[in-house]
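A.B. asks: I have a structure I would like to understand better, so I am pasting it below and will then ask my questions one at a time.
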Amino acid sequence: MAYKVEKVTPWPPGQPKREQMIRMFDGIAPAYDRMNGILSLGIDGYWRNDALKELKKYPHKQLLDIATGTGDFAILAQKILRPAAIAAVDISEGMMHIGREKVRAKGLQNIITFGVQDCASLTFAGNSFDAVTIAFGVRNFEEIDKSFREIRRVLKPGGVFLFIELSIPQKTPMKQLYAAYTGYVIPLMSGIFAAEQRAYDYLPRSIAALPQGREMMLILKKNGFTNIRLRRYTLGVATLYIAEKPAE
């Protein structure tokens with residue numbers, strides 16, 4: 001089954017989504033952290049902290065952080081969870097170059113390692129990780145089902161898949177505030193940061209097209225996960241999904 005978000009791209013069709021994502025993120029890498037802070041007004045820090053604390057309930061010695069970008073979620077996971085190792089992967093070498101510099105500055109290069117990986121065809125052996133995490137990356141996937149099956153494959157039995165995604169609020173007044181933010185504030189920002197205009201345009205379109213809530217939970221179930229639940233943040237602006245690989 002194809003999902004609408006898989007067809008949402010920064011540029012017109014003609015190049016695979018994966019290639020467009022690499023092009024976009026390599027291009028915005030130097031400004032990404034600044035952009036992220038402006039877009040979320042800093043609230044995403046709370047979401048990330050709260051999400052990672054959920055992993056304390058599970059084994060978390062070996063972690064895989066997919067769509068790691070500049071490494072912030074992996075670095076935060078190391079701070080909160082103290083795992084033995086974190087494999088941080090992404091398709092954008094430009095983003096990970098910045099991540100490596102952050103990790104090196106913190107002296108964490110023996111714990112957090114970076115590598116170019118496509119989540120739809122991971123090179124890791126099966127049953128390798130206690131947990132897999134993603135922060136705001138699922139909407140950029142070209143093949144959600146295939147990627148979720150790969151994540152399930154590399155998880156150890158009983159392992160947990162945890163990811164956060166932006167979502168569209170359904171209740172007043174946040175629904176109206178979100179509409180105003182995406183309709184007026186984001187276009188204004190795209191004018192200020194002209195070099196990142198396509199990224200700002202892509203963001204609300206990709207959020208709107210992503211399966212959300214119960215629909216996302218059903219996708220996880222279809223791809224072999226169990227004990228699936230969610231938590232909504234900031235009146236529905238973001239959603240945390242938690243799912244487990246069945247124990248053998």
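Where a number appears in this text, it was derived from the coordinates with a stated rule and is not lab data. Bear in mind that the values here come from a model prediction, so they are computed numbers and not experimental data. Methodologically, a virtual Cβ is constructed for each residue, glycine included, from the backbone with ideal geometry; neighbour enumeration extends over all protein chains shown.
A.B. asks: As an exercise, identify the trypsin sites (Lys or Arg not before Pro) in region 75-183 lying in DSSP coil whose Cβ has no more than 14 other Cβ atoms within 10 Å.
C.D. replies: Sparse-neighbourhood loop trypsin sites (Lys or Arg not before Pro): LYS106, LYS171.
A.B. asks: With θ set to phi - 60°, apply the Karplus curve 6.51 cos²θ - 1.76 cosθ + 1.60 along region 229-236 and write out the HN-Hα couplings as whole Hz, x wherever there is a Gly or Pro.
C.D. replies: 8, 9, 9, 9, 10, 6, 6, x
A.B. asks: A follow-up question, please. What residues qualify as long-range amide H neighbours of ILE112, i.e. H under 5 Å apart, gap of 5 or more or another chain, H built at 1.01 Å from N?
C.D. replies: ILE86
A.B. asks: Okay, next question. Of all DSSP beta bridges located in the chain, what percent are antiparallel, nearest 5?
C.D. replies: 40 percent
A.B. asks: Give the Cα extents of region 72-187 along the principal axes, in whole Å, largest first.
C.D. replies: 45, 34, 26
A.B. asks: I'd like the FRET efficiency for LYS102 and LYS7, computed as 1/(1 + (r/R0)^6) with the beta carbon distance as r and R0 of 51 Å, rounded to 0.05.
C.D. replies: Step by step, r from the Cβ atoms, then E = 0.95.
A.B. asks: Which of PRO30, GLY71, TYR58 sits farthest toward the positive end of the charge dipole of region 1-81, with +1 on the Cβ of Lys and Arg and -1 on the Cβ of Asp and Glu?
C.D. replies: After comparing all options, I get TYR58.
A.B. asks: Using unit Cβ charges (K, R positive; D, E negative) and no other charged atoms, how large, in debye to the nearest 20, is the dipole of the chain about its Cα centre?
C.D. replies: Charge dipole, the chain, about its Cα centre: 700 debye, nearest 20.
A.B. asks: Also: Give me VAL8, VAL138 sorted ascending by neighbouring Cβ count inside 10 Å, so fewest comes first.
C.D. replies: VAL8, VAL138
A.B. asks: A follow-up question, please. Assigning unit charges at the beta carbon (Lys, Arg +1; Asp, Glu -1) and nothing else, what dipole magnitude in debye, to the nearest 20, does region 1-54 show about its Cα centre?
C.D. replies: Using only the charged Cβ atoms, the result is roughly 200 debye.
A.B. asks: Which far-off residues, 5 or more places away or on another chain, put their amide H under 5 Å from the one on SER128, with H placed in the peptide plane?
C.D. replies: Hits under the 5 Å cutoff: LEU155, LYS156.
A.B. asks: Here's a follow-up. Where is the GNM fluctuation largest for the chain (alpha-carbon springs, 10 angstrom cutoff): GLY159, GLY71, GLY115?
C.D. replies: Fluctuation is largest for GLY115.
A.B. asks: What ratio of Cα Rg to 2.2 N^0.38 Å holds for the chain?
C.D. replies: 0.96
A.B. asks: Which log10 I(q)/I(0) values, to two decimals, does region 11-131 give at q = 0.14, 0.20 Å⁻¹ under the Debye formula with one point per Cα?
C.D. replies: -0.64, -1.21
A.B. asks: Sum -39500 (n - 2.57) across every DSSP H segment of at least 4 residues in the chain, then divide by the residue count to get the 222 nm mean residue ellipticity, nearest 500.
C.D. replies: Computed mean residue ellipticity for the chain: -13000 deg cm²/dmol.
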